[in-house]
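Asker: Here you go, one structure.
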Amino acid sequence: MSISSFLSSLLPVIHADSEEPTKEPEASKPAEEEEEEEPEDIHPTLREEVKQSAKIASITKHFEHCQEKVQSGQGFKGEDCVEEL
């Protein structure tokens, strides 16, 4: 038994010049492919509500001051405002 006959007994043989009809994808599944509507992102709304909150106003002001200082180059080398966040 040769190697090619052994392999052909395990795997089906397909010839390049064979003319088998190709199967086209079925068009009966468009219902599954319909896009579902995503819920509205509430993050921006919550962020605005918190920003306007009296409890957060002083903390927000401190954070924004830190950000301005760092972005203008007046902060320490490698400084970020993670602690303030």
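Asker: Which of the helices (runs of 4 or more DSSP H) found entirely inside the chain contain at least 3 residues meeting this: modelled with pLDDT under 70?
Answerer: Where helices (runs of 4 or more DSSP H) fall fully within the chain and carry at least 3 residues being modelled with pLDDT under 70, they are 30-33.
Asker: Restricting to the stretch 61-85, count the residues that are over 22 Å from Arg47 (Cα atoms) and of a type in the set (D, E, K, R).
Answerer: Residues that pass the stated criteria total 3.
The values are calculated or read from the model by the stated rules, or taken from the named source; none is laboratory data. Note that the coordinates shown come from a computational prediction; the quantities given were computed from them, not determined experimentally.
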